Structures are given as C-alpha cells and as structure tokens.
Amino acid sequence: MSQPILHVSKTADLAVLELAEFFIRTAKETIAKTGRFSVALSGGSSPKKLYELLASPEFSSQLDWDKVDFFFGDERYVPSDDPDSNALMVKKALFDPLHIPAKNIFTVDTSLPPDEAALKYTQAIQHRYQAEQVRFDLVLLGLGDNSHTASLFPHTPVLHDTSVSVKAVFLEEQNVYRITMTAPLINLAHHLAFLVYGKGKAEAVDAVLNGAEDIENHPAQLIRAAEGEVHWFLDEPAASVLSV
Ligand SMILES: O=C1O[C@H](COP(=O)(O)O)[C@@H](O)[C@H](O)[C@H]1O
C-alpha cells in the first residue's frame, strides 16, 4: 500500500490551484487511455473554490467535459434545493457554468427514504461500470476537524462496513441522516485526493496521517488506496503540526 503523497502549499488558494492542475492532468490522461473519466466529488465548504476554479476559462478550456461522469462521495440527506445539499453547491459552482449535461451527473435521490436512496445510488454506480469492478478514476475528499471524511463520521457503524457500496448513516448528535460511499468503495479508486486547508484542521490532519490507528475517532484513517495513490493537498496552516 503506497504512502500518502503530500502537496503542501503556502496558502489555501495555492493548494486549490495545485489540485485543479492535478484534476485536469489526471482527467486528460485517463480520457486519453479509456475515453472517459469518472470522479466522485466532495462537498462541504472547502472544495467550492476548486470547483469555481475548474469552471474558469483558464481550466475549463483544457478538458472535454462531456467525457466526465460526476458522482458524489457523500450527500447530506436534504432536499436537492436545500442550501446544505452538496449537489446544489456543485451545480452552482461547476455544473451550471460548464453546462454539464444531466446524463453525466449522478446525484443521490434524497426524495427516497435514506436506505432506499443509498441502495438506488449503489445501483446507479454499478450500472455505470456494468460488469467491471467499480473503480472511480478519482475520488475527491475533505476532512472535518473531527477527522470525518465523506460522511464517515466518528463512532458510526458504517466505519466497519466492508461492502463496496453506498450506505445511509444516522448522525445521532445532529439528528440527521447522511448518504455516504463506504471506505472500501472509496479505496478502490485509482486516485484519491484530499483537499484540506486552515489551522482548524491541523490536529485532525496529523492524527489521521501520523497518529496511532484509531478509526473510531479518526475515520479518515480508513482511506488507504487499494492499488492507487492517496494525495493530500494542504496549505501550511493545515500541515503546521504534522510530526515529521
Ligand atoms: O459534511 C461534509 O464535510 C466534509 C468536509 O467538509 P469541509 O468543508 O470541512 O472540507 C466534506 O468532505 C463532505 O463532502 C461533506 O458532506
């Protein structure tokens, strides 16, 4: 299993720029080899800058976006027009500006009950890959200050789920459901890329990368590429307590 590859930039904007360049390079190489590029996007607030940069003329002109299939590593269990929706954030930042066709966007149907939404999403992913093994070309990930990634939150049953699928998870503290890819599904990706910036994430970054194994408290430790590479795009504040 390969070691994480760290890309530490002076500022958040520079970390986003380096990840945008990595995204385009990886997508072009994959499309040249296979004809398409499948990516599972992360949500929350950190990646909004990335999606807006990818939608800018400087970057959007570098890729045949019609050859990209967009999925979501996780989704909040809210209506599609809810401000907390990851898909709505990406729609505004990337899909609408680039006029991405609906046929290439695979979102979680949160109008269904949580478990049905998760099952339907699992089936949508399996259908896209047909009989081949479900391996995303790239999965983008964030990191919460509590070491969650996607919606793999501390002390939730999904941390021990060994299936290659999407599951519904109930977050007792927030009294909300989330829909998330399991770690085994994420780990099958050819490339995994975390985007983490800000001093508030520094302790979590160090605990995940250098701390003792403790997936209950630091679920992002579950992210270990089966055969691919795990990249961390960090700014200096987020990397500031990394024990060398
Ligand atoms: O709730 C979520 O949190 C993580 C981290 O978000 P960030 O804004 O702190 O980077 C995000 O990756 C995930 O997609 C989202 O649902």
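The values are calculated or read from the model by the stated rules, or taken from the named source; none is laboratory data. All of these numbers come straight from a predicted model, not from anything done at the bench. Note that we place each Cβ from the backbone using ideal geometry, even for glycine, and neighbour counts take in every protein chain shown. Protein only, heavy atoms only, side chains kept; ligands, DNA and RNA dropped before computing areas. Shrake-Rupley method; radii C 1.70, N 1.55, O 1.52, S 1.80 Å.
Here is how the numbers come out for the structure above:
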{"quantity": "Pairs with Cβ under 8 Å, 6+ apart, first in segment 144-158 and more than 10 Å from the ligand (Cβ to nearest atom), second among the basic types (K, R)", "calculated": "V158/K167"}
{"quantity": "Segment 45-61: number of residues that are open to solvent by less than 30 Å² (accessible area, probe 1.4 Å), of a type in the set (G, A, S) and near the ligand (Cβ under 10 Å from one of its atoms)", "calculated": "1"}
{"quantity": "Subset of segment 9-41 (residues that are more than 18 Å from E236 (Cβ to Cβ), open to solvent by 10 Å² or more (accessible area, probe 1.4 Å) and either in a loop (DSSP other than H, G, I, E, B) or of a type in the set (G, A, S) (or both))", "calculated": "A32, G35, R36"}
{"quantity": "Enumeration of residues in segment 217-240 that are modelled with pLDDT of 95 or more, part of a loop (DSSP other than H, G, I, E, B) and out of contact with any Pro (no Cβ under 6 Å at 6 or more places or on another chain)", "calculated": "H218, I223, E236, P237, A238, A239, S240"}
{"quantity": "Meets criteria (on the phi < 0 side of the Ramachandran plot and touching a helix residue (DSSP H, G or I) at 6+ places or on another chain (Cβ under 7 Å)) for P184", "calculated": "no"}
{"quantity": "Residue match in segment 114-131 (condition: more than 18 Å from the chain's Cα centre (by Cα), among the acidic types (D, E) and more than 30 Å from I31 (Cα to Cα))", "calculated": "yes"}
{"quantity": "Pick from segment 131-143, criterion more than 11 Å from the ligand (Cβ to nearest atom) and aliphatic (A, V, I, L, M), ranking: modelled with the highest pLDDT", "calculated": "L138"}
{"quantity": "Residue within segment 62-77 that is under 21 Å from A193 (Cβ atoms), open to solvent by 20 Å² or more (accessible area, probe 1.4 Å), within 14 Å of the ligand (Cβ to nearest atom) and assigned to a helix (DSSP H, G or I) present", "calculated": "no"}
{"quantity": "Qualifying residue in segment 161-182 (condition: at pLDDT 95 or above and closer than 30 Å to T11 by Cα)", "calculated": "yes"}
{"quantity": "Matching residues in segment 216-230 - criterion: being open to solvent by less than 40 Å² (accessible area, probe 1.4 Å), farther than 29 Å from R36 by Cα and touching a Leu at 6+ places or on another chain (Cβ under 8 Å)", "calculated": "P219"}
